[in-house]
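Participant: If you scroll down you'll find the structure; I have some questions about it.
The values are calculated or read from the model by the stated rules, or taken from the named source; none is laboratory data. Only a predicted model underlies this, so the values are computations on that prediction, with no experimental measurement involved. A quick note on method: Cβ atoms are made from the backbone with ideal geometry, for glycine too, and the neighbour counts reach across all protein chains shown. Side chains included, ligands, DNA and RNA excluded: accessible areas come from the protein's heavy atoms. Shrake-Rupley method; radii C 1.70, N 1.55, O 1.52, S 1.80 Å.
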Amino acid sequence: MTRVAAVGDIHMGSESQGTLRPAFETLPDCADVLLLAGDLTRHGTPEEARVVAREITDLGVPVVAVLGNHDHHADRADEVTAVLRDAGARVLEGEATVVTHGGERIGVAGTKGFGGGFAGRCAGEFGEPVMKEFVRYSRLRADSLRGALEELAGDACDVRIALTHFSPVPDTLAGEPLEIYPFLGSYLLAEAIDSAGADLAVHGHAHSGTEHGLTSGGVTVRNVAQPVIGRAFHVYHLR
């Protein structure tokens, strides 16, 4: 049994210090890994990242993260990433990592992802250069996720998890205005997950969405944005 703790959209600022640490310190008793699904800061500054870093340092379980759109806002994502890595987190963008805990080999493939919408109601790589650039960026993020999951397939993992900020399916957006679905996720992420295979897909971003979803290929999807799960983290059990 693999126990996966996950949360996203914690949006930490200077006054947030210590708000999650008491709950995070219970993780060794209930989880084998902590996944952070992006939007860890409010405005993407290194100062805010240092607040997050103090919350996750020396937790006793591995921490794996992706960044979200808020973490890119100040255009200092490389610095935010460095701060989190110095705190021991494995921060992924189109990469895979394998963490071990309690004898379990847990493979995580991560990317921020991007928007574009879902099958039948999605943007196409056609027309003006700026539109083609938008869709191309989303496709590249999805392709990197596929490659990372395929890499994990040869690593003898007990489970493989896709970690993104943007949603791969519309199911977990239920509750959000339909008009903004194209800015909350992309079907390209789900295609990558289904083609490469995964045991679980975790994302954030959709604060008014729904926790439970499923790709068309049958992969379980969970929206772990903190406003959705209503707690410091949620634990999922994978066999």
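Participant: Amide H to amide H, which residues 5 or more places from Asp32 or on other chains are under 5 Å from it, using H placed in the peptide plane?
Facilitator: Those lying under 5 Å, H to H, from Asp32 are Arg3, Val4, Ala5.
Participant: How much length is gained on full extension from Thr210 to His73, taking 0.36 nm per residue of separation minus their Cα-Cα distance?
Facilitator: Values: separation 137, 0.36 × 137 = 49.32 nm, distance 2.51 nm.
Extending this stretch completely gives an extra 46.8 nm.
Participant: May I ask you to derive the FRET efficiency for Ala174 and Ser195 from their Cβ-Cβ distance with R0 = 25 Å, giving the value to the nearest 0.05? Don't skip to the answer; put the middle values down first.
Facilitator: On the way: r = 25 Å, r/R0 = 0.99.
Rounded to the nearest 0.05, the efficiency is 0.50.
Participant: How long is the gain from Thr57 to Glu128 if the chain were fully straight, where each residue apart is worth 0.36 nm and the alpha carbon distance is subtracted?
Facilitator: On the way: separation 71, 0.36 × 71 = 25.56 nm, distance 4.53 nm.
Working it through step by step, the gained length comes to 21.0 nm.
Participant: In region 168-239, which chymotrypsin sites (Phe, Trp or Tyr not before Pro) fall in coil by DSSP and have 15 or fewer other Cβ atoms within 10 Å? Walk me through the numbers before you get to the answer.
Facilitator: Details: sites: Phe183, Tyr187, Phe233, Tyr236; in loops: Phe233.
Qualifying residues, ordered by number: none.
Participant: Only loop residues by DSSP count here, and only those with at most 16 other Cβ atoms within 10 Å; note down the GluC sites (Glu not before Pro) in region 99-178 that meet that.
Facilitator: Details: sites: Glu104, Glu125, Glu133, Glu150, Glu151; in loops: Glu125.
Within region 99-178, the qualifying GluC sites (Glu not before Pro) (loop, at most 16 other Cβ atoms within 10 Å) are Glu125.
Participant: On average, how much accessible surface per residue is there in region 127-219, in Å², for a 1.4 Å probe, leaving out ligands, DNA and RNA? Present the calculation step by step, with values, prior to reporting the outcome.
Facilitator: Numbers: 4010 Å² over 93 residues.
With all protein chains present, region 127-219 gives 43 Å² per residue.
Participant: Per residue of region 157-172, what does 6.51 cos²θ - 1.76 cosθ + 1.60 with θ = phi - 60° give for ³J(HN,Hα)? Whole Hz please, x for Gly and Pro, Karplus curve as stated.
Facilitator: Values per residue, Gly and Pro as x: 7, 6, 9, 10, 10, 9, 10, 9, 8, 6, 7, x, 9, x, 3, 7 Hz.
Participant: Can you list the residues, at least 5 places off or on another chain, whose amide H is less than 5 Å from the amide H of Ser167, using H built in the peptide plane?
Facilitator: Close amide H contacts, sequence-distant or interchain: Gly185, Ser186.
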